[in-house]
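The values are calculated or read from the model by the stated rules, or taken from the named source; none is laboratory data. Predicted, not measured: the structure shown is a model, and the values here were computed from it. Using ideal geometry, Cβ is built from the backbone for each residue, glycine included, and neighbour counts are taken over all protein chains shown.
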Amino acid sequence: MRKKEKKRITVNKKKEKKEYVLEVRNLSRTYHIDSPKPIEALKNINLKIKRGKFIALMGRSGSGKSTFLHQVALLDRPTKGEIWIKGKKVSEMTEEEKSRFRLQHIGYIFQDYALLPDLTLYENVALPMIAQGLSKEDYHRDVMDVIKKIGLEEWINHLPGELSGGQQQRVSIARAIVNRPTILYADEPTANLDSDASRVVLESMRELVDKYNQTIIMVTHEPEDEKMVDEVIWLRDGELKKDEM
């Protein structure tokens, strides 16, 4: 008998659309204050960032770094342009929608820690979960997991005033990641720390990227921080300048 020929099956593999965690399109922010002409803090910024990247945002004072961070963290509304996070056009959300989105998808590390002095380390870390109306039964395991990640489980009942600056900043990091945010913003997180504490904080952030595929955008003035990140993005006079020397 004649052998049946095997049919050759061709599989058409569709290329997966690579989703950007953050996409900014023609973003501008102009302030109208008591001056001869409006101040253009940001000018037509276009930027795409993939998941699992550690990005440093650098530039001189007044270059627009903090303004940019406030825009992409949904703390301010752009004059024009679009902001997309995880495929959602967040720049057109209502204030209520933005607040809910921030709680669920955005982490923010402040340079002054922004911890509540009368709450313990554990309670400070748990704040985002409490704000979502979750019970301790729901969030306890997640809170303890992130506290262990930053190596401060022995300090859970201590108040912020009993911790060093480096420890407080690590608590700030834990609070920012406890709800597993899509993207983490850090506004000069080592500005108030000595060199040893700065190194520990940056290493903690680097570990979040390498082990947990976290996306981090960090505003910094420190040239040595470039060694810890995947890419440096420069701002100058409100404009994006990649790979500026």
> Within the range 43-80, can you find the residues that are surrounded by 15 or more Cβ atoms within 10 Å (Cβ to Cβ), farther than 30 Å from residue 204 by Cα and free of Cβ contacts under 8 Å to residues at least 60 places away in the same chain?
Replying inline: 78, 79
>> I'd like to know if the range 118-131 contains one or more residues that are closer than 19 Å to residue 217 by Cβ and modelled with pLDDT under 95.
In response: yes
>> Every residue in the range 108-121 that is farther than 28 Å from residue 234 by Cβ and crowded, with 20+ Cβ neighbours inside 10 Å, please.
In response: 115, 121
> Within the set of pairs 6 or more residues apart or between chains, which connect a residue that is surrounded by 14 or more Cβ atoms within 10 Å (Cβ to Cβ) inside the range 81-107 to a residue that is assigned to a helix (DSSP H, G or I) and of a type in the set (Val, Ile, Thr) with Cβ atoms less than 7 Å apart?
Replying inline: 83/72; 83/90; 84/90; 98/90; 101/90; 107/177
> In the range 58-73, is there at least one residue being in a helix (DSSP H, G or I), closer than 19 Å to residue 215 by Cα, at pLDDT below 90 and under 18 Å from the mean Cα position of the chain (by Cα)?
Replying inline: no
>> Taking the conditions exactly as written (at pLDDT 95 or above and closer than 26 Å to residue 99 by Cα), does residue 215 satisfy them or not?
In response: yes
> Taking residue 85, is it under 13 Å from the mean Cα position of the chain (by Cα), under 25 Å from residue 224 (Cα atoms) and of a type in the set (Val, Ile, Thr)?
Replying inline: no
> Is it true that some residue in the range 174-187 is surrounded by 18 or more Cβ atoms within 10 Å (Cβ to Cβ), at positive phi and acidic (Asp, Glu)?
Replying inline: no
> surrounded by 14 or more Cβ atoms within 10 Å (Cβ to Cβ), touching a helix residue (DSSP H, G or I) at 6+ places or on another chain (Cβ under 7 Å) and not in a loop (DSSP other than H, G, I, E, B), is that true of residue 199?
Replying inline: no
> Any idea which of 40, 23 is surrounded by 11 or more Cβ atoms within 10 Å (Cβ to Cβ) and either over 17 Å from the mean Cα position of the chain (by Cα) or aliphatic (A, V, I, L, M) (or both)?
Replying inline: 40
> Out of 86, 149, 98, which single residue is closer than 18 Å to residue 208 by Cα and of a type outside the set (S, T, N, Q)?
Replying inline: 149
> Just checking, how many residues over the range 76-125 are among the aromatic types (Phe, Trp, Tyr) and assigned to a helix (DSSP H, G or I)?
Replying inline: 2
>> Out of 210, 230, I need the residue that is within 29 Å of residue 43 (Cβ to Cβ) and surrounded by fewer than 21 Cβ atoms within 10 Å (Cβ to Cβ). Which one?
In response: 230
> Of all residues in the range 182-223, which are of a type in the set (A, V, I, L, M) and in contact with a His (Cβ under 8 Å, 6 or more places away or on another chain)?
Replying inline: 183, 191
> Do we have residue 174 as among the small types (Gly, Ala, Ser) and modelled with pLDDT under 90 here?
Replying inline: no
> Which residue, of 137, 153, 162, is surrounded by fewer than 15 Cβ atoms within 10 Å (Cβ to Cβ), touching a helix residue (DSSP H, G or I) at 6+ places or on another chain (Cβ under 6 Å) and more than 26 Å from residue 57 (Cα to Cα)?
Replying inline: 153
